[in-house]
Amino acid sequence: MVDLGGQYKKIKPEVDKAIQEVMENTSFINGPSVHKFQKSLEDYLNVKHVIPCANGTDALQVALMALDLKPGDEVITTSFTFIATAEVIALLQLTPVLVDVDPDTFNIDPVAVEKAVTPKTRAIIPVHLFGQPADLHAMIMIAQKHNLYIIEDNAQAIGADYTCPESGNTKKAGTFGHIGCTSFFPSKNLGAFGDGGAIFTNSDELAEQMRVVVNHGMKVRYYHDYVGVNSRLDGIQAAVLDIKLKHLDEYAAARQKAAAYYNNAFANHPKIRTPVTAAGGTHVFHQYTLVLNNVDREGLMKHLADKGIASAVYYPVPLHLQKAYLDPRYKEGDFPVTEALSKSVISLPIHTELTEEIQKEITDAFLEFVG
Ligand SMILES: Cc1ncc(COP(=O)(O)O)c(C=O)c1O
């Protein structure tokens, strides 16, 4: 689905040098490369504070830990996402309240969010799924009306822009809510050579609190005022990320170009729905996801695999139907859009190294099966 080797080759001299530097000055933890990357990311996102951490799941957990929430408080999120989004809510003994998504963008449905608000609701976690921002304006309106926190799960959309329809201001996805979270998992748009994550905020208070949480709840060495976690981005990952951040916009452009090729090849096909980019946002295509209409998905995936072409289903089981998350509040049929998508979506390879020749092979093989 990705070609991390091809991407590495293009930046090998810079990356190797940066890694070598970290090894030579042995600043593996909290060293200059971490501080440099933190500053670079703050500048790129135009956000006041970036708190690097160990992975995207920790970023979400630390964000929730920094808010004064208590067990049983409700956090609204989507049923169509990677498990990490709901996992951290459940781990902290908060109550995940799941809602359905918009059929075009696959992002959290604002009408469903508004309906799900109760006196116990404290936060909303919109996920910018597959690389495009959720309807942030609607989220902010709901949050303001009900006095809720917004934590943006921006693991899949780093670098995407969103323009507020009211003010006309354009900012990076992940910087609209009280807190934004991202993942640097290697296959992400900004991927490390291992695990990594970051949290962003414009609030001094939340930033201070999150810096304490990621460091064992400690402000002064060996004095622990809070129960925290140990979640750090290591120096080698930060050095790699600082180099790759300089290329992030060009990586997004390569993904957008590849998406345009696919869109064109599949345009107006009665059995294939190509991705919709909503007005007001840019799509950085962490995934290129099609919706199939009346196509044998398993058969198609096998047909592609037989020709050496990867494909994947993100996500085959909605969160409310996952064994570990079964809950008497939810049953099959509650989130019809999510449930239909989980049965009909298919993602094709999308990355920075795709050529038109490779894409032609992929689209030819795809259309050969679909008809
Ligand atoms: C939407 C979403 N949230 C959270 C995560 C968790 O990130 P990580 O794998 O770095 O813990 C991921 C990625 O895996 C993700 O796609």
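Observations on the model:
- Applying the condition of being of a type outside the set (A, V, I, L, M, F, W, C) and loosely packed, with under 15 Cβ neighbours inside 10 Å to region 209-225 and asking which residue is nearest to Gly159 (Cα to Cα) yields Lys219.
- Taking every residue in region 236-252 that is open to solvent by 30 Å² or more (accessible area, probe 1.4 Å) and pairing it with any residue that is part of a helix (DSSP H, G or I) and not acidic (Asp, Glu), at least 6 positions away or on another chain, the pairs with Cβ-Cβ distances below 6 Å are Ile236/Ile19; Ile236/Val22.
- On inspection, Ile142 passes the criterion of being free of Cβ contacts under 8 Å to residues at least 40 places away in the same chain and in contact with a strand residue (DSSP E or B) (Cβ under 9 Å, 6 or more places away or on another chain).
- Those residues of region 197-208 which are more than 16 Å from the ligand (Cβ to nearest atom) and open to solvent by less than 20 Å² (accessible area, probe 1.4 Å), in sequence order: Thr201, Ala207
- Residue within region 156-173 that is within 14 Å of the ligand (Cβ to nearest atom) and open to solvent by 10 Å² or more (accessible area, probe 1.4 Å) present: yes
- Taking the criterion of being more than 22 Å from Ser187 (Cα to Cα) and touching a Lys or Arg at 6+ places or on another chain (Cβ under 7 Å), the only residue of region 43-66 that qualifies is Asn46.
- Within region 174-196, being near the ligand (Cβ under 10 Å from one of its atoms), under 11 Å from the mean Cα position of the chain (by Cα), over 20 Å from Ile124 (Cβ atoms) and surrounded by 24 or more Cβ atoms within 10 Å (Cβ to Cβ) holds for one residue alone: Phe184.
- Residue in region 269-280 that is exposed (fewer than 14 other Cβ atoms within 10 Å of the Cβ), of a type outside the set (Val, Ile, Thr), more than 23 Å from Asp58 (Cα to Cα) and under 19 Å from the mean Cα position of the chain (by Cα) present: no
- Failed criterion for Leu233 (all others in (1) open to solvent by 10 Å² or more (accessible area, probe 1.4 Å); (2) within 16 Å of the ligand (Cβ to nearest atom) hold): (1)
- Residues being within 17 Å of the chain's Cα centre (by Cα) and not in a helix (DSSP H, G or I) - total across region 136-153: 4
- Leu91 being touching a residue at least 24 places away in the same chain (Cβ under 8 Å), within 13 Å of the ligand (Cβ to nearest atom) and buried (at least 18 other Cβ atoms within 10 Å of the Cβ): no
- Residue-level check: of (1) more than 14 Å from the ligand (Cβ to nearest atom); (2) open to solvent by less than 10 Å² (accessible area, probe 1.4 Å); (3) in contact with a helix residue (DSSP H, G or I) (Cβ under 8 Å, 6 or more places away or on another chain), Leu45 misses just (3).
- Search result, residues across region 69-88 that are surrounded by fewer than 24 Cβ atoms within 10 Å (Cβ to Cβ) and in contact with a strand residue (DSSP E or B) (Cβ under 7 Å, 6 or more places away or on another chain): Leu69, Gly72, Asp73, Glu74
- In region 97-116, the residues that are crowded, with 18+ Cβ neighbours inside 10 Å and part of a loop (DSSP other than H, G, I, E, B): Asp100, Asp102, Thr105, Phe106, Asn107, Asp109
- Summed over region 6-39, the residues that are open to solvent by less than 40 Å² (accessible area, probe 1.4 Å) and over 21 Å from Glu205 (Cα atoms) give a count of 12.
- In summary, His137 fulfils each of the numbered conditions (1) more than 16 Å from the ligand (Cβ to nearest atom); (2) surrounded by 24 or more Cβ atoms within 10 Å (Cβ to Cβ) with the single exception of condition (2).
- Residue that is most open to solvent (accessible area, probe 1.4 Å) [pool: residues in region 307-363 that are under 30 Å from Ile11 (Cβ atoms) and among the hydrophobic types (A, V, I, L, M, F, W, C)]: Ile358
The values are calculated or read from the model by the stated rules, or taken from the named source; none is laboratory data. Everything numeric here is computed off the predicted structure, so don't read it as measured data. Cβ: placed from backbone, ideal geometry, glycine included. Neighbour counts: every protein chain shown. Surface areas here come from the heavy atoms of the whole protein model, side chains and all, with no ligands, DNA or RNA. Shrake-Rupley method; radii C 1.70, N 1.55, O 1.52, S 1.80 Å.
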